[in-house]
Every structure is written in structure tokens, then in C-alpha cells.
Amino acid sequence: MIRLITLIAISLITLNISTYSFAQGLPGNADGSAGSGTGTGGTTTDVCDLADFKQKLGYSESGGNYSIVNSLGYIGKYQFGEGTLHDVGGYNDSEYSCSQCYQDFSGQFTSTQCGGVTTLAGWLSCGPAQEEAFEQLVSRNIDLTSRCHSYIGQQAPVGGCTVSLGGILGGAHLGGPNGVCKYLESGGSYNPSD
């Protein structure tokens with residue numbers, strides 16, 4: 001089992017410090033230019049620009065592949081689950097229950113992108129629908145994590161990096177908005193298993 005603290009620490013390090021990301025071979029500099037992947041060219045400054053955050057998270061989740069489905073059924077570039085897509089209005093399944101927590105995507109997708117996406121196959125082939133859903137998720141997570149934005153600029157409980165909005169959003173993506181806030185508020189002692 002992976003512990004939330006590990007996921008959040010990885011998120012804070014990967015999404016906040018460009019040189020760490022480049023050392024891991026992730027593309028892109030904080031200024032949006034192409035990265036070398038060699039460990040040079042980045043900065044150690046806060047990386048919370050939305051475009052940079054999206055690029056790094058999309059690469060981390062799927063290698064930037066819109067059509068991927070992982071072994072647990074999470075889909076697309078940002079590895080959405082049914083519940084998250086439902087929460088941001090991109091998917092409707094009246095029979096989905098979080099208590100079931102499986103990803104069968106038997107409901108209907110609701111994006112107006114790409115001529116109207118209603119199926120899993122359509123969604124996997126429509127990057128704009130996924131980008132739209134991700135932007136809605138980021139907006140939702142900014143609101144849901146507002147109580148822990150006071151930690152931005154402070155040292156993270158684990159890893160020694162500086163907490164940024166990008167790191168908080170990355171932690172929310174992995175451990176939920178409430179989970180990342182509880183982690184920061186507890187000084188790192190709140191650490192449930194994933």
C-alpha cells in the first residue's frame with residue numbers, strides 16, 4: 001500500500017521543483033519552453049503556472065497519452081475515475097456509487113467538445129474534452145483546498161521543498177482535496193494508505 005504522505009511528497013517535489021522534474025526526464029521548463037530532460041535548464045523556483053502543472057501532471061499520469069486506460073480502469077491523459085469525472089460534470093452514470101469504486105464507465109460522457117462526446121471511445125480520442133474536464137477539476141480543487149492555501153511558501157512537512165499551489169493541486173489530484181489539506185494541517189502526521 002502506498003501511503004498518502006509518499007504520494008503528496010512526490011507531488012510536491014515533482015510539481016514544484018523543475019530541476020527535480022528534469023532529473024526524472026520530464027519535459028518542460030517553468031517558463032513553458034521545452035525542457036532538455038538532462039537536469040539542466042530548469043529553476044528551483046515555485047512551479048505553479050497552470051500550463052506547467054498540467055504538462056507535468058499529464059506526463060506523470062499517462063506519458064501525455066489521451067487514449068490510455070490503466071490497469072485499474074482510470075482513463076485518459078489525467079487518469080480520471082468515474083467519480084471525479086461525474087463531479088466535474090463530464091460524465092453521467094445514475095448507477096455509479098462511490099461505495100462500488102470501480103471504473104466501468106458504463107454511463108454517458110457529457111462533453112460538447114469534438115462534436116459531442118458521449119462514449120468512452122469518443123472521450124479517449126478527444127483531447128479537448130479531457131483538457132476541459134481537467135480545467136474544471138483544477139478550478140474545483142482550488143476552491144476545495146482554499147483552507148490550506150496559507151501553507152503556500154512554507155516548507156513542506158516532508159521533502160524540504162516549498163509548498164506551492166501546484167503542489168497542493170498535485171496532492172489533491174492524488175489524495176483528494178481534503179487529504180492534502182489534512183496532511184499539511186497535521187504537519188505530515190495525517191498519512192492514510194492509498
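Here are a few things to note about the model shown:
- Residue within segment 54-61 that is part of a helix (DSSP H, G or I), modelled with pLDDT of 90 or more and among the hydroxyl-bearing types (Ser, Thr, Tyr) present: yes
- Listed by first and then second residue, the pairs linking a residue in segment 80-93 that is more than 13 Å from SER139 (Cβ to Cβ) to a residue that is in a strand (DSSP E or B) and at pLDDT below 90, with Cβ atoms under 7 Å apart and 6 or more places separating them unless they lie on different chains, are HIS86/ASN92.
- Going through (1) surrounded by fewer than 19 Cβ atoms within 10 Å (Cβ to Cβ); (2) at pLDDT below 90; (3) out of contact with any Gly (no Cβ under 6 Å at 6 or more places or on another chain); (4) under 28 Å from GLY153 (Cβ atoms) one by one, ASP46 falls short only on (1).
- For segment 115-147, a residue qualifies if it is among the charged types (D, E, K, R), within 14 Å of GLY58 (Cα to Cα) and buried (at least 16 other Cβ atoms within 10 Å of the Cβ), and the qualifying residues are GLU131, GLU132.
The values are calculated or read from the model by the stated rules, or taken from the named source; none is laboratory data. Here the structure is a predicted model, which is why all the values come from computation and not from measurement. No Cβ is skipped: glycine too gets one built from the backbone with ideal geometry, and neighbour counts run over all protein chains shown.
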